[in-house]
Structures are given as structure tokens and as C-alpha cells.
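Worksheet for the structure shown next.
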Amino acid sequence: MDTFLYFLYTFLYTALLIWGLYGIRKQELDKWSSVIYIVILPLIYDNLILATGKWIGEGELLESLNFSRFCLHALITPLLVMYSIGTLRESGIQWAKKKWLVLVGIIYTIGLMVFEFSVEVVGLEIEVVKEYGVVSYSNVEEATGPPIMVLFVTLILIVASAIVWKKTKWPIFFIGAIVMTIGSAVPLNIESGAVTNAFELFLIFTLIWTKRRLITGQLHVK
């Protein structure tokens, strides 16, 4: 079942990317909220590698492909901070257009990248894992707590989305952040390693939907 789900996620993420880029103007690509297109690419890669792992087979190739998953996660996920700031700015919230906020956001983002890469990637040892029909390589050491980088990114998503909701009456961004947070925190007694990834997919769906509203000029301060 998990193999099917990972293939499904790969397809849905690709569809979201196409939808997100549909009809976009060149000037829109220069905006901070457009980093969502960069964020979605590693998610396509991640799910595709998990879906095809059993056909690639154990060995150096699959190990290298899985190691890249950890690297991309560390370097790309923090960009959601800049997406959040971009959404505030582009929806017409005046104080969010201050240069200092962008500077703080960039420093915060780079700090999270450096932290995650140095803590989770440098010295990372992975071993083959066969679970629910999926063959992949994962961290030898079990996680001792929630991922710090993800917590700090999620905090920004929740705060920014709450502000967007209050100022523009658009709740979808906030709903996505909350559903993702709850889904990650509540343990599910399900024999699957892929089902919980649906919460991440839902979050990205809400972020792309929010970006579409920005592109079409439907998301602005009331």
C-alpha cells in the first residue's frame, strides 16, 4: 500500500506544481512567495525515490539517492519562512514590506539551514530499511524528539498564516499549518509509513492555493 501512496503523492505534488505555475507571469517568479515552487521539487523527488526504492534495489545507488533526500530537506524546507514573509508582503500588509523583516527572515532561514545541515546531515549514517513494502535508507539513530528545524519553520507558518487570516479573511493558509501541526504531533496507530505524509501534502496544497490567490489578485488586505 505504501508504494502506491508514494506514487500517488508524487503525482499529486507534480499536479500541484503545474497548477501553481499555470498562467503565472514572469514578474511573479521574482516574489518571495514563489519559493513554494522550489520547496515542492524535493517533495516530488522524495516520494519518487521512496516509491521506486524496491526496484532500484539495495546498494550504493539507492543509498546515495536517499542521502540526497536528507540534504534537500535540510536546505530547502527552511525556505517556507521566506514564503510566509512573502505572503504577508504580497497580500498588502504594510509593515511586512519593511526591509528589516526580509533581512531577519533571510538570516532566520539561513540559520535553520546551517543548523539542520550540521546537526542532521553532517556525520549522518543511514542503513537500509524495509517497511510496508518500501525499501529505503534511513538514519541509524532513532529520533529522540521532534525535529527542531521543522518546529521553528512551523511556528513561522502558524504566526504568518494567522496574520494573513486576520488581515485578508483568507483562512486556508492557517488551516493548512494547523492540520500539518496536529497531524505531525498526534501518533496514528496505522500500519503505514506513508499515510502521515498526507498532512504534508495538504499543507503544500493550501500554500499553492494561497499563492494562486496572490497571482490572481484575490488575496489582499480587506
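Observations on the structure shown:
- Loop trypsin sites (Lys or Arg not before Pro), the range 7-87 (other Cβ atoms within 10 Å of the site Cβ: 13 or fewer; DSSP): ARG25
- Probing with 1.4 Å while keeping every protein chain in the model, the per residue accessible area of the range 1-57 equals 54 Å².
- Three-way shape label, the range 1-148, alpha-carbon gyration tensor, a/c 1.5: oblate
- The largest-to-smallest principal axis extents of the Cα set in the range 142-222 are 46, 22, 16 Å.
- Loop trypsin sites (Lys or Arg not before Pro), the range 144-199, which have at most 16 other Cβ atoms in a 10 Å radius of their Cβ (DSSP): LYS169
- Percent carbon-and-sulfur accessible area, the range 73-222, ignoring ligands, DNA and RNA, probe 1.4 Å: 66 percent
- The range 198-205 - phi-based ³J(HN,Hα) in whole Hz, Karplus 6.51/-1.76/1.60, Gly and Pro as x: 5, 5, 5, 4, 5, 4, 4, 4
- Its alpha carbons give the range 71-222 an Rg and a Dmax of 17.3, 52 Å.
- A Förster radius of 30 Å combined with the Cβ-Cβ distance from VAL140 to ARG25 puts the calculated FRET efficiency at roughly 0.05.
- Sequence ranges 77-89, 55-67, 5-17, ranked by mean other-Cβ count within 10 angstrom, highest first: 77-89, 5-17, 55-67
- Karplus-derived HN-Hα couplings along the range 38-55 (A = 6.51, B = -1.76, C = 1.60, θ = phi - 60°), whole Hz, x at Gly and Pro: 6, 4, 6, 4, x, 5, 5, 4, 4, 6, 5, 5, 5, 5, 9, x, 6, 8
- A Förster radius of 45 Å combined with the Cβ-Cβ distance from TRP95 to GLU58 puts the calculated FRET efficiency at roughly 0.25.
- Here the Karplus curve 6.51 cos²θ - 1.76 cosθ + 1.60, taken at θ = phi - 60°, turns the phi angles of the range 206-222 into couplings of 5, 6, 5, 4, 4, 4, 4, 5, 5, 4, 8, x, 9, 10, 7, 4, 7 Hz, with x standing for Gly and Pro.
- Two-site FRET efficiency, VAL186 against ALA162, from Cβ-Cβ distance with R₀ of 25 Å, rounded to 0.05: 0.75
- Averaged per residue, the range 175-222 has 51 square angstrom of accessible surface, using a 1.4 angstrom probe with ligands and nucleic acids left out.
- Stretching the chain fully between LEU103 and ALA15 yields a gain of 28.4 nm (0.36 nm per residue, less the alpha carbon separation).
- Based on C-alpha pairs under 8 angstrom that are at least 6 apart in sequence, the range 16-129 has a relative contact order of 32 percent.
The values are calculated or read from the model by the stated rules, or taken from the named source; none is laboratory data. All of these numbers come straight from a predicted model, not from anything done at the bench. Please note: Cβ atoms are built from the backbone with ideal geometry, for glycine as well, and neighbour counts cover all protein chains shown. The area values use the complete protein model at the heavy-atom level, side chains included, leaving out ligands, DNA and RNA. Shrake-Rupley method; radii C 1.70, N 1.55, O 1.52, S 1.80 Å.
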